[in-house]
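Engineer: Mind looking over this structure? Questions follow.
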Amino acid sequence: MIESLLVANRGEIARRIIRTAKRLGIRAIAVHSEADADLPFVTEADEAVLIGPPNPALSYRNTEAILAAAKSTGAQAIHPGYGFLSENAEFARTVEASGLIWVGPDADAIAAMGDKINARNLMAAAGVPVAPGTTEPAADLAAAVTAAADVGYPVMVKAAAGGGGMGMGVAVDEAALRTEYDKVRAFAERMFGDGSVLLERYFPRVRHVEVQILGLADGRVVALGERECSVQRRNQKLVEESPSPAVSPELRSRLLAAAVRAGEAVGYRNAGTVECLLVPRQRDSEGDGPGSEDFFFLEMNTRLQVEHPVTEYVYGIDLVEEQLRVASGLAPTFDPDALTPRGHAIEMRINAEDPKRFLPGPGVIRTWVEPTGEGVRVDSGYTEGNTVTPFYDSLLAKLIVSGDTREQAIQRAEAAVAAFQIEGPKNNVPFHAELLDNEEFRSGAYDTGIVSRMR
């Protein structure tokens, strides 16, 4: 097993990784910006290194500073968490070239999945369903107009190098396409340094379902069930649950098999997620009703997901530990041939944003009281007295609840949300209370438009 681990991240995910590392007897090393010096993950690490000012480009994305910290502390491995450098293939290569262990998939897999057009083509070749769309970038507006006519309106205009719901727009006709193409291309060039644009068929009523995969040290790829991620605002997830209330045993079998094929197609190792769109199938000549569904590959996230705790609850494993075991060349703690999910789990993202318009609201945390109780877990990045700054993502904590059934999980979630006390920065705890009381959510028959319908 790895003996010392540098966590190249911050907040709740850094704290989460440090917790598992210390439980396993691994020396945990944190890196932090000046703005984060007083946060819990810094004080809980065995050692902490200041790597730069608040600007992420000068700290958490500063590869030279991170590698220097690894060298000065004698770290054996680097865990990137999610965001920042976690899906940066060049950083992964540099880490390994420096003689360090990279806790994640290899750089070639990251690069292959990082380009959304290349990923679509690879998945199609592997027999994974993909939505109608382009197989190469739309080089200019004229090419986009021609491609959209072939794909069929409405179309989703997407940054090929994007991810996490960023760099996307919907065009219902050619006039809208002319606007969205320029907008997405400019955003992609600014944010990702790559203005490549792809077009896919847009489905107005869909569910967002993803499969957790784990590429083992012996070369096998296993699927650890699916997560429902359809509660979103601005294409960003707010609530996730496992298993999905929309997935039948037959559909689950097809989803998981496709996810394994996706991982095998790129020789995947370590933790990753295959994201899919679940689309109601039109009634056809054979009598399939509108309740049956098709799914299409959306993207693969080559890292640990924010929502990984719901899978941990349902399968009774620690995904960070499994990541560390794979990176160390060790077998998993579980039997890959005897995976048995149990119960239901729901995760709610507690963000520093107002609960109506979802606009960021940083500030000093005057009160912070986390809920407790059976089936309740809080993965937090802050505590009372900390300052939530505007430099980073608004995520404060993740409230995860589990139960024997979905109904029990919802009941426990309602009690936990009511007990969560935060004063100071704006927060979306009231939104979660509203969602849990929403009949559409409680029925399980919701889609990605549920939040807009609640507003």
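Engineer: I'm told D36 meets every condition in (1) buried (at least 18 other Cβ atoms within 10 Å of the Cβ); (2) among the acidic types (D, E); (3) over 25 Å from the mean Cα position of the chain (by Cα) except one. Can you identify the failing condition by its number?
Structural biologist: Condition not satisfied by D36: (3).
Engineer: State the number of residues belonging to the stretch 402-455 that are part of a loop (DSSP other than H, G, I, E, B) and within 18 Å of R227 (Cβ to Cβ). Lay out the reasoning, then the answer.
Structural biologist: So the first thing to find is which residues in the stretch 402-455 are part of a loop (DSSP other than H, G, I, E, B), and the list is 404-405, 420, 424-428, 437-438, 444-449, 455.
Filter again for within 18 Å of R227 (Cβ to Cβ), leaving 405, 444-448.
Matching residues across the stretch 402-455 total 6.
Engineer: Take the conditions assigned to a helix (DSSP H, G or I) and buried (at least 20 other Cβ atoms within 10 Å of the Cβ) and apply them to L256. Does it pass? Talk me through it step by step, then tell me what you get.
Structural biologist: On the way: assigned to a helix (DSSP H, G or I): yes; buried (at least 20 other Cβ atoms within 10 Å of the Cβ): yes.
Judged against the criteria, L256 is a match.
Engineer: Could you pull out every one of the helices (runs of 4 or more DSSP H) wholly within the stretch 1-86 that has 3 or more residues that are touching a Leu at 6+ places or on another chain (Cβ under 8 Å)?
Structural biologist: Helices (runs of 4 or more DSSP H) meeting the threshold: 11-23, 63-73.
Engineer: Only one of V378, V401, V429 is under 21 Å from the mean Cα position of the chain (by Cα) and within 24 Å of V209 (Cβ to Cβ). Can you tell me which? Don't jump to the end; show me each part of the working.
Structural biologist: Numbers: V378 fails: within 24 Å of V209 (Cβ to Cβ); V429 fails: within 24 Å of V209 (Cβ to Cβ).
Every option except V401 fails the conditions.
Engineer: Only one residue in A144, A112, A89, A159 is under 19 Å from the mean Cα position of the chain (by Cα), crowded, with 18+ Cβ neighbours inside 10 Å and assigned by TED's automatic domain parsing to the domain that holds Y181, so which one is that?
Structural biologist: Testing whether each residue is under 19 Å from the mean Cα position of the chain (by Cα), crowded, with 18+ Cβ neighbours inside 10 Å and assigned by TED's automatic domain parsing to the domain that holds Y181 leaves just A159.
Engineer: How many residues, within the stretch 373-405, are surrounded by fewer than 18 Cβ atoms within 10 Å (Cβ to Cβ), of a type in the set (D, E, K, R) and closer than 30 Å to S443 by Cβ?
Structural biologist: So the answer is 2.
Engineer: Still on this model: Going by the structure shown, is R342 buried (at least 19 other Cβ atoms within 10 Å of the Cβ) and of a type in the set (K, R)?
Structural biologist: no
Engineer: Same structure, new question: Quick one: count up the residues across the stretch 173-210 that are in contact with a Phe, Trp or Tyr (Cβ under 8 Å, 6 or more places away or on another chain), farther than 19 Å from D294 by Cβ and either in contact (Cβ under 8 Å) with a residue 40 or more places away in the chain or not assigned by TED's automatic domain parsing to the domain that holds A139 (or both).
Structural biologist: 1
Engineer: How many residues are aliphatic (A, V, I, L, M) and touching a Pro at 6+ places or on another chain (Cβ under 8 Å) when one looks only at the stretch 293-316?
Structural biologist: Number satisfying all stated conditions: 1.
Engineer: On to the next question. Based on this model, can you work out whether A149 counts as part of a helix (DSSP H, G or I), closer than 22 Å to V197 by Cα and out of contact with any Cys (no Cβ under 7 Å at 6 or more places or on another chain)?
Structural biologist: Answer is yes for this residue.
Engineer: Name every residue in the stretch 169-181 that is assigned to a helix (DSSP H, G or I) and farther than 14 Å from K158 by Cβ, in order of residue number.
Structural biologist: Across the stretch 169-181, the qualifying residues are E174, A175, A176, R178, T179.
Engineer: Here is a follow-up. Would you mention how many residues in the stretch 386-431 are among the acidic types (D, E) and touching a residue at least 24 places away in the same chain (Cβ under 8 Å)?
Structural biologist: Final tally of qualifying residues: 3.
Engineer: How do the strands (runs of 3 or more DSSP E) wholly within the stretch 283-381 filter down when requiring 1 or more residues that are modelled with pLDDT under 95: which remain?
Structural biologist: Numbers: elements: 293-301, 344-351, 367-369, 376-380.
Correct list: 293-301.
Engineer: Inspect the stretch 103-116 for any residue being touching a strand residue (DSSP E or B) at 6+ places or on another chain (Cβ under 6 Å), under 24 Å from Q323 (Cα atoms) and not in a loop (DSSP other than H, G, I, E, B) and give the result as yes or no.
Structural biologist: yes
The values are calculated or read from the model by the stated rules, or taken from the named source; none is laboratory data. This one's a predicted model, so the numbers in the text were calculated from it and none came from an experiment. So basically every Cβ, Gly included, is an ideal-geometry build from the backbone, and we count neighbours across all protein chains shown.
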